[in-house]
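Each remark here refers to the structure printed beneath this line.
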Amino acid sequence: MAEKNYWGRVAEARVSRRSLMRGAGIGAAGLAGAALIGCGSKKESTPAATPKAAAPVAVTAAPSAKQPKKGGTFRLGFTGTVAGIDPHNSVFGGSGGVPQVYNYLFRREVLRGDLGLKYDLAKSHQVEKDGVTWTFKLRTDAKIAPNDKGVPERMLDSEDVVQSFKRMADKPTSANAYAFFAAWVDKFDAPDKETVRLVTKKPYAWVEENIGDNLKGAIVPKEWLAKPAADLKQWAVGAGPFMLKSIQEGEGIRMVRNPSFYDKERPYLDAYDILNFKDVTTQRTALSSGQIDSYITADPQEAKDLEKATKGLKLVETGSTGYNSFWMRTDVALWKDARVRRAMNMSMNRDEYIQIIGKGLGKHAGPVVPVFGDYALSDAELKKMQPFDAAEAKKLFEAAGVKEVTFTHPTSSTMPDYVNIMVKQLAAIGVTAKPQPLDAAAWVAQYFGSALTASYSLNQSYKTPDSALLWYRTGGVTGSNNYDTKFYTPEIDALIDKAGSTIPEAERKTAYLEAQRAILKSDPAFINVFNTGSNTLYYDKVQNFDAGAGAMSAHMTRNYWIDA
């Protein structure tokens with residue numbers, strides 16, 4: 001009853017939709033997976049070392065010089081659906097809670113090399129000279145949080161890691177890490193309670209990034225893993241810095257400090273809330289009224305206006321790995337026709353999207369987005385390989401006998417803006433577009449199950465170039481045929497695998513460029529629109545907030561504290 005009263009108070013406090021401003025708050029998929037990478041700002045900037053990719057200058061908040069104090073609640077917001085809190089296959093709102101409740105061996109943000117590698121359940125690791133044998137030494141004081149789910153409050157050990165790896169490697173689980181395990185992992189075991197060993201089939205450049213990925217690498221108590229999958233989706237029991245207190249569709253997630261967490265000084269926060277908003281406007285207004293503590297938008301003018309109008313707000317301008325895409329299922333006759341897929345790509349005036357949605361800030365997006373530096377195709381090459389050519393697109397549609405196209409889209413975030421532009425651009429070449437809006441929950445379920453025939457796909461964000469290319473590899477982005485376009489070729493599979501197994505970085509970058517060129521020449525069934533920028537607003541009472549930490553931010557929340 002206490003939690004019901006809590007959510008009731010939250011609901012009563014929420015503001016109504018009244019602002020006329022348009023903008024893009026962080027969507028559900030961005031909570032754990034978003035990698036907002038610093039690009040420089042006149043407000044705060046610190047040089048970043050980026051050993052794996054040519055990232056821009058990082059933007060971070062300087063560590064607080066004040067003495068941290070415990071207490072207070074940090075509150076984020078999102079639009080869309082919670083869609084459960086399964087530790088291994090969540091990608092929407094619930095994914096924001098997973099890395100707070102569970103442990104990971106460690107965390108790593110490829111575009112923030114200056115942050116280093118942050119150990120969590122592991123205390124050290126090494127790869128042998130063979131390049132395929134990875135050994136992880138575990139800490140012995142990671143105690144499972146108090147719970148009423150029958151999970152013993154004991155210390156995590158290597159068997160929990162092995163059982164978590166087994167679930168990640170199980171295709172029916174549809175784990176986000178399945179593609180990594182299926183393609184690259186040969187075997188894993190636990191020589192003793194404090195040691196885990198993982199052997200890859202051949203050297204792979206992104207082992208650490210997959211193991212440390214918020215969406216992939218959660219280590220779960222073996223007793224909890226033994227429960228039905230429905231239980232894992234509805235609740236969470238782990239040994240992380242926070243423990244789940246409440247999760248409710250349409251309301252959000254509430255987490256409180258884990259009194260058994262191995263770091264006795266952290267987290268400083270009493271609670272961490274992730275609040276579910278119906279739309280971006282309501283979320284934005286909640287920021288202005290102080291009901292949430294941080295907000296992200298792709299619209300730089302909106303961010304500046306909010307900062308100017310709201311006392312205590314700070315703005316950090318960042319780059320992002322984020323982008324939106326158009327997805328087509330090629331076992332449907334319309335999208336099986338390469339002419340139609342090519343016409344869709346050629347009808348897309350990306351500069352118009354950038355001007356209208358990005359307010360002039362953004363870049364054309366290929367299979368790998370520009371923030372990855374030399375791993376991405378240049379803007380000039382992208383414009384040649386996926387040109388805007390309305391006349392040629394019209395000819396291709398006419399040759400294929402296509403006068404109208406129907407596609408689905410979620411109603412959350414700024415997706416209606418993308419839809420309106422597509423409808424307009426297709427109409428200009430004589431094709432009638434018939435968009436079919438779906439509420440976020442229905443869209444998520446149908447998209448996950450590959451039940452849609454074509455759809456805008458929102459809030460893509462990947463930690464590595466390799467992860468982004470999984471959309472074009474057999475099995476799709478999860479490896480288990482979820483979100484499946486059903487369009488893959490052995491040649492492209494081989495090029496993606498070649499790139500991932502190339503260890504010298506200069507050669508690896510060349511291999512990824514080669515793979516992307518082959519993808520674009522194949523008339524892919526997953527086409528990207530543009531790479532967005534990002535603007536993070538947060539209240540200055542939140543200390544140790546790092547707006548440019550990317551996926552590492554989920555690890556760093558244990559350092560947040562509220563200077564009330």
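What follows is calculated from the coordinates using simple rules that are stated; it is not laboratory data. The structure presented is a predicted model; accordingly, all values stated were derived computationally and were not measured. All Cβ positions, glycine included, derive from the backbone under ideal geometry; neighbour counts span all protein chains shown.
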- Item | Over 28 Å (Cα to Cα) - which of K137/K216; K129/K227; K123/K216 fall in this group | K129/K227
- Item | Residues of type aspartates and glutamates that K395 reaches as a straight line, Cα spacing below 18 Å, ignoring anything fewer than 8 places off in the same chain | D337, E404, D523
- Once Lys and Arg are counted +1 and Asp and Glu -1 for all other residues with Cβ under 15 Å from that of V196, the total becomes -1
- List, in order, the whole-Hz ³J(HN,Hα) value for each residue of the stretch 555-564 obtained from phi through the Karplus relation with A = 6.51, B = -1.76, C = 1.60 and θ = phi - 60°; use x for Gly and Pro. 6, 7, 4, 5, 8, 5, 8, 9, 8, 6
- Item | Rounded to 5, percent antiparallel among DSSP beta bridges of the stretch 323-532 | 60 percent
- Task: Could you tell me the distance between the Cα centroids of the stretch 218-243 and the stretch 265-316, to the nearest Å?
- Result: 29 Å
- Could you check how many percent of all C-alpha pairs in the stretch 323-532 are farther apart than 29 Å? 20 percent
- Item | Net dipole in debye of the stretch 369-415 [+1 Lys, Arg Cβ; -1 Asp, Glu Cβ; about Cα centre; nearest 20] | 160 debye
- Message: Tell me which of N276, T485, I219 sits at the most positive position along the dipole axis of the chain, charges placed on C-beta atoms (Lys, Arg +1; Asp, Glu -1).
- Response: N276
- Message: Below 12 angstrom from the Cβ of K123, what's the summed charge of the other residues (Lys, Arg +1; Asp, Glu -1)?
- Response: 0
- What's the center-to-center distance, using Cα atoms, between the stretch 76-155 and the stretch 494-534 in Å? 27 Å
- Query: With charges only on Cβ, +1 for K and R and -1 for D and E, what is the dipole size of the chain about its Cα centre, in debye, rounded to 20?
  - Reply: 640 debye
- Message: Here is the link list: K149/K193; K66/K304; K143/K222; K314/K541; K118/K201. Which ones come out longer than 20 Å on Cα distance?
- Response: K149/K193; K66/K304; K118/K201
- Residues whose modelled amide H sits under 5 Å from the amide H of T464, counting only those 5 or more places away in sequence or on another chain, are none
- For each of K264, K201, count neighbouring Cβ atoms within 10 Å of the residue's Cβ, then give the residues from fewest to most. K264, K201
- Item | Ordering of 488-498, 348-358, 97-107, 540-550 by burial proxy (mean other Cβ atoms within 10 Å per residue, highest first) | 97-107, 540-550, 348-358, 488-498
- Task: Run the numbers on the chain and let me know its relative contact order in percent, using alpha-carbon pairs under 8 Å that are six or more apart.
- Result: 24 percent
- Query: Hey, got the Cα dimensions of the chain along the principal axes, in Å, largest first?
  - Reply: 66, 58, 45
- Return the FRET efficiency for the residue pair D148, D270: r is the Cβ-Cβ distance, R0 is 22 Å, and the value is rounded to the nearest 0.05. 0.65
- Can you give the % of DSSP beta bridges in the chain that are antiparallel, to the nearest 5? 80 percent
- Query: Based solely on its DSSP helices, what 222 nm [θ] is calculated for the chain when runs of n ≥ 4 H residues each add -39,500 (n - 2.57) and the sum is averaged over all residues, nearest 500 deg cm²/dmol?
  - Reply: -8000 deg cm²/dmol
- Of every Cα-Cα pair in the stretch 128-243, the percent that sits beyond 22 Å: 33 percent
